[in-house]
1. Taking H placed 1.01 Å from N in the peptide plane, check which residues at least 5 places from B:SER397 or on another chain put their amide H under 5 Å from its amide H.
2. Rolling a 1.4 Å sphere over the protein heavy atoms, what is the accessible area per residue of segment B:2-370, to the nearest Å²?
3. Convert each backbone phi in segment B:248-263 into a coupling constant with the Karplus relation 6.51 cos²θ - 1.76 cosθ + 1.60 (shift: θ = phi - 60°), then list the ³J(HN,Hα) values in order as whole Hz, x for Gly and Pro.
4. Which whole-number percent of Cα pairs in the protein assembly as shown have a distance greater than 31 Å?
5. Accessible area of A:TRP37, 1.4 Å probe, to the nearest 10 Å²?
6. Rounded to the nearest angstrom and ordered from largest down, what semi-axes does the equivalent ellipsoid of segment B:2-370 get from its C-alpha gyration tensor (root of 5λ)?
7. According to the square roots a ≥ b ≥ c of the eigenvalues of the Cα gyration tensor, what is the shape class of segment A:2-56, taking rounded for a/c under 1.5, prolate for a/b larger than b/c otherwise, and oblate for the remainder?
8. Return the FRET efficiency for the residue pair A:VAL22, B:ASP339: r is the Cβ-Cβ distance, R0 is 56 Å, and the value is rounded to the nearest 0.05.
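The values are calculated or read from the model by the stated rules, or taken from the named source; none is laboratory data. Since this is a predicted model, take the numbers as computed values, not measurements. A quick note on method: Cβ atoms are made from the backbone with ideal geometry, for glycine too, and the neighbour counts reach across all protein chains shown. All accessible areas refer to the heavy atoms of the entire protein, side chains included, with ligands and DNA or RNA removed. Shrake-Rupley method; radii C 1.70, N 1.55, O 1.52, S 1.80 Å.
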Amino acid sequence: MARALITLAVPALLVLLAALAVPADGGALLGIGARTWALFACAPLTSAWLWWRQRGIAA
Amino acid sequence: MTAAFLAVLALSLAIAVWARRGAGQGPRAYFVAGGQLGAILFFFLSVGETYSIATMLGFPGGVYAGGEGFVLWFFGYILLAAPVLFVLGPWIWRAGQLHGAVTIPDFFAAHFGSRALERVIALGAIALLLPIGTMQFAGIRLVLGALAPGVPMPLLLAGAGLVTLGYVLLAGLRAAAFVAVLKDALMLGAIVLVSALALAHWPSAPAPQVVAAPQVPVGLPFALSTIFVQALGFAMIPQNWAFLFAARGPQAIARAQAAAPLYMVMFPLLMAVAVFARRLGLPVAKPDFVFLATAQHVLPGWAVGVVMAAVVLAGLVILSSVCLAIAPLLTRNVLPGLDGAAQQRWAKAVMALFIALSAAGALAQVPLLATLNTVFYFGIVQTLPGFLAALWAPRASAAGLLAGLAAAALAILAMKLAGLGLGGINPGLIGLIANGAVLALWTRARPRRDGRSVIELLG
């Protein structure tokens, strides 16, 4: 149960950080704002986190 | 353009024929591929399913029309669905194995020993899935209308329906899985190619007549509560359970979900395409056509045909998997007592009817569609408290689950009828809280004496 909650909490915190901590008017690249880029960056980080967590799951 | 489009569809049918090789017999082989899909095929079926025609057309269309406001909840819920399925998927697979389930109601009926619960969940799921077919046809209609403007639309949609029926009749879920590989390869290729060409021809300054995208404000309470409800709801979608049951084991599920977020590279590329079209002042008849309009601008005709085929395949694969989810809900759970052969015979009739109704809905341009789509997730997530109770709470009963579902429905209906906004919070979350609270109270007041949780049963 605790393992499951930690697995869920880290990506949720990443999304929250991107949504709340990055200013909406923090510049833009290719017409896409910094907050949205921060959100997009959560995807590879979540993938790396889940890849690390899946090592213990039996076939 | 048309020849390239037809060649891709013909290739997809050839793949469906090829998928028949090695397929077993019986409902389990047909509806959940006999539980034999390895990590790669499961990835394409399950993760690829995330990227429907709505993603390819609707996401850039939304950015083009409304700016970045909706990106947080749209991207956020798809991203967080991966860890949710990473955690719950292996347990859903084990619970299905334990009770030999093919559908969600199969599991609930076997675990709680209740036909009433089975029927309520099956009928609710069917009602919620019906608009999904119409939405796919609505997207397909947009593409086919541009591809062959001189051909009557009913004929074009009938053709699309026949191809879908071809997939499911040829090899059931195996066909959907194999065609999903082609669809994803073409879709990813199309997005990378169109966005790369857009970046290569990026206008240094916006066209003079272009104004910035109107920013449609999306409140944080709505965005965050919607992410929460929809990410959790993703784990309870009937066809996602079929995909999970089709996987070879928990490790295949976990690996596919760990890789799933990498697939989201498509979103910044799709967003760049929408921004490119806006800066260029590209004429777009409807916002949802912005990706295809950009493809027409940067690609030669035959390549546009391939891109259109990729978009249509995205709709057809989803349609086929929804067909394969609805049919057993009706033939196994609502009308029980049919043997294996009769189930498959009835299932084929149900799937043909579903396709015909969905195409008719798209032709009629059902005005309620957008509302029904928002209802989908906050309805579908309501079986989650019951599933968690089955996992961990041996004293939870079928009556408690039914009471929880009724409380959720009442809470959502009351909010809608009274026009209560509750600060923009997604009504599905209020329903989920009511559902969980009533289930907990009922379990405490009237506990099941002879029950055992899934975790206890698995030892």
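1. The answer is B:ARG448.
2. 34
3. So the Karplus estimates, Gly and Pro as x, are 6, x, x, 5, 4, 5, 5, 5, 4, 6, 5, 7, 3, x, 5, 5 Hz.
4. 44
5. So the heavy atoms of A:TRP37 present about 80 Å² to solvent.
6. Square roots of five times the eigenvalues give 35, 23, 19 Å.
7. Because a/c hits 1.5 or more and a/b fails to exceed b/c, segment A:2-56 counts as oblate.
8. 0.45
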